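See structure below.
Quick note: the coordinates plus some simple rules give every number you see, no bench work behind them. Remember, it's a predicted structure, so these values are computed and weren't measured experimentally. A quick note on method: Cβ atoms are made from the backbone with ideal geometry, for glycine too, and the neighbour counts reach across all protein chains shown.
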Amino acid sequence: MKTIFMLGLVLPCIALAQQPSKVTPQQFVNLQEGDIVHKGFRRAHAKGICISGEFLSNGSLTKYTHAKVFEKGSTPFIGRFSIAGSNPSAPDLKAPVRSMALSFATSATQQWRVAMNTPPVMAVSDPHTFYQQIIAIKAGPEAIQKFFKDHPESQDFLNWKSSYQPSGSFAAETYNSINAFYLINEQDEKQAVRWHMRPTLTATPEGLKGEDALQQELQQRLAKEDIVFDWVYTLATEADNENDPARAWPNSRQQITAGQLVIRDWQFQLKGECHSINYDPLVLPEGIEPTADPILRARSGAYAESYRRRAREVLNGALEANSNE
Amino acid sequence: MNNRFSLSMRIFHWAMAALLISLLSAGLLMVQSLEPWQITILGLHKSFGVLAAILVIIRLLNRFRNMVPDLPSDLSALQKAIARLSHVLLYGFMLAMPISGYLMQYAAGRPVEVFSLFRLPASLSVDIQTYSIFRELHGWLALFLMALICLHAVAALHHHFVRKDNVLKSML
Ligand code: HEM
Ligand code: HEM
Ligand code: HEM
């Protein structure tokens with residue numbers, strides 16, 4: 001009897017003592033936030049602006065998924081344009097990556113969060129190597145050159161990077177899911193997909209200036225017109241590895257346009273609802289499921305850690321000075 | 001018959017002891033992990049957490065229908081009061097853990113899927129401050145519960161091996 005009790009008490013302790021030898025969400029978020037913590041703000045993509053509007057679905061994905069958002073009709077969203085980095089007042093035009101995030105609250109039980117970036121692929125295939133990549137980026141140009149040389153899987157990313165020209169508007173960028181997901185239909189059939197938001201306009205960066213150049217451009221544009229993106233899905237075939245976010249899929253893959261994303265309005269992030277939302281891409285409605293992609297599956301834990309930190313800071317009043325300005 | 005917990009109470013006790021210890025371990029492990037199993041364990045944590053909430057309610061209803069063995073008569077009134085208080089606290093934590101877990105998810109706008117059977121609703125508009133209150137509460141309650149379980153188990157072993165009374169046997 002004694003030994004059984006001892007085992008019952010000791011076994012969970014042993015399990016807990018198995019300190020993960022790998023990078024933890026806490027370490028990852030520490031690295032992202034850096035030495036200067038901007039209290040109350042996201043530890044990544046800290047600078048952004050709230051947007052809202054609706055997704056007009058044309059119904060063409062209903063064959064592949066029973067998610068409500070893809071039935072023919074319209075679903076409102078609360079979204080956010082942002083730039084990569086942990087500084088909420090960084091200059092817009094210096095950021096290497098621009099982003100779009102969306103939240104669909106279709107019903108109390110069906111919600112969906114989407115967070116997309118300008119590159120179509122990651123440079124690496126797992127979160128631990130990504131951690132090393134960020135260390136190299138922070139260490140400077142030589143370190144990151146060496147990092148890419150040591151990681152041949154970054155080739156597709158480097159190809160994109162060499163041809164990418166930043167535009168002069170959040171509205172003129174292409175935003176990619178990067179990670180793949182499964183669409184699930186009524187028959188329980190799975191189809192691996194990636195998606196991107198395809199802009200319907202072009203804009204050059206000429207004449208843009210100031211720290212908030214992209215945010216101001218967006219505000220001026222929305223004062224005149226709605227901004228429209230086509231939401232394009234790319235279907236994987238047997239030949240594609242949906243679990244590797246560093247590999248591009250061939251251009252010949254079938255693409256389906258699911259509808260149009262129409263952005264009608266904006267708000268400063270501390271005045272709008274988008275700042276409260278954690279755009280964790282693993283908040284999914286029925287009809288969409290995550291692949292085994294190790295980067296995708298690492299995101300939930302890291303986003304939760306960042307969210308926990310900033311939520312606690314907001315509760316402690318970190319943003320009060322900012323929002324009264 | 002009065003010196004042993006009823007069979008149903010004993011089954012509830014040990015099944016839920018295993019469930020609660022597993023939920024605590026899973027909770028602590030998953031928040032420190034970026035591995036691909038993290039979201040799988042998180043999903044199970046929420047499902048079993050909801051199950052624990054349902055079970056503890058049935059358990060409490062069952063408790064009021066059953067006789068409970070008396071504590072050993074050589075315990076002082078104070079010791080008896082502490083023993084009773086610790087049990088009330090254990091029941092309280094068993095309710096507060098899943099409630100804080102669910103409310104944290106509700107405020108963050110994250111519907112909770114229970115064993116792919118059904119989903120619990122989440123708020124349509126996110127409230128980051130309410131999220132933070134219940135997120136921190138969930139974490140702190142878990143720490144207190146772990147401490148309480150250790151005390152509780154040590155007390156049970158103390159009764160058995162040191163005082164050599166009937167307390168542990170009454171739950172076996
Ligand atoms: C292991 C890989 C990744 C990690 C650890 C990571 C980490 C983070 C963290 C901690 C946040 C802040 C969350 C918050 O406080 O709400 C964030 C935001 C964001 N991430 Fe990632 N990320 C990863 C991969 C990606 C990928 C692949 C994409 C693009 C497809 C992406 C796009 C975004 C965007 C757009 C945001 C800002 C969302 C918003 O506006 O709130 N991330 N990321
Ligand atoms: C008796 C039931 C439960 C126990 C003992 C328990 C225990 C725990 C523990 C120990 C943690 C880690 C805490 C920390 O790091 O601060 C945790 C985290 C968590 N629990 Fe529970 N839990 C229970 C029920 C639930 C329920 C019912 C839900 C949701 C429906 C839930 C959702 C969560 C979530 C989402 C996290 C992680 C939060 C994050 O990553 O920031 N838990 N839980
Ligand atoms: C791990 C080893 C454990 C041991 C050795 C143990 C032992 C015992 C014993 C001997 C009793 C009877 C006390 C009496 O006669 O008044 C008892 C009661 C109780 N235990 Fe545990 N227990 C353990 C774990 C747990 C856990 C994890 C929980 C819940 C979180 C728990 C909750 C309770 C409750 C609520 C009672 C009071 C029952 C009642 O009177 O309604 N126990 N336990």
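Annotations
- Cα centroids of the range A:25-101 and the range B:50-102: 45 Å apart.
- Inverse mean reciprocal Cα-Cα distance (Kirkwood Rh) of the range B:57-172, Å: 16.9 Å
- Couplings 3J(HN,Hα) of the range B:114-124, computed from phi: 9, 6, 6, 9, 7, 10, 8, x, 10, 4, 7 Hz, in residue order, whole Hz [Karplus 6.51 cos²θ - 1.76 cosθ + 1.60, θ = phi - 60°; x for Gly and Pro].
- Rounded to the nearest whole Hz, the Karplus-based 3J(HN,Hα) values (6.51 cos²θ - 1.76 cosθ + 1.60, θ = phi - 60°) of the range B:41-52 follow the sequence 5, 4, x, 5, 4, 5, 4, 5, x, 5, 4, 4, with x at glycine and proline.
- Here the range A:57-176 is treated as a sphere whose radius is the Kirkwood value from Cα pairs; by Stokes-Einstein at 37 °C and 0.692 mPa s it diffuses with a coefficient of 193 µm²/s.
- The range A:134-158 and the range A:194-209 have Cα centres spaced 26 Å apart.
- Long-range amide H partners of A:THR257 with built H, under 5 Å: A:TYR233
- Between the helical axis of B:77-107 and the longest alpha-carbon principal axis of chain B there is an angle of about 10 degrees.
- Put in line by how crowded their Cβ is, counting other Cβ atoms within 10 Å and starting with the fewest, A:GLU173, A:GLU71 read A:GLU71, A:GLU173.
- Mean separation of Cα contacts under 8 Å, 6 or more apart, over the residue count of the range A:16-103: relative contact order %: 30 percent
- For chain B, the longest principal axis of the alpha carbon atoms and the long axis of helix B:7-30 meet at an angle near 40°.
- Most mobile listed residue (A:LEU261, A:LEU296, A:LEU270) in chain A, GNM with C-alpha springs under 10 Å: A:LEU270
- Between 0 and 90°, nearest 10: helix B:128-157 axis offset from chain B longest Cα axis: 20 degrees
- Kirkwood hydrodynamic radius over Cα pairs of the protein assembly as shown, then Stokes diffusion coefficient at 37 °C and 0.692 mPa s, in µm²/s: 131 µm²/s
- Scaled to the globular estimate 2.2 N^0.38 Å, the Cα spread of the range A:246-325, given as radius of gyration, is 1.53.
- In this structure the amide hydrogen of A:ALA246, modeled in the peptide plane, comes within under 5 Å of the amide hydrogens of A:MET122, none closer than 5 places in sequence on its chain.
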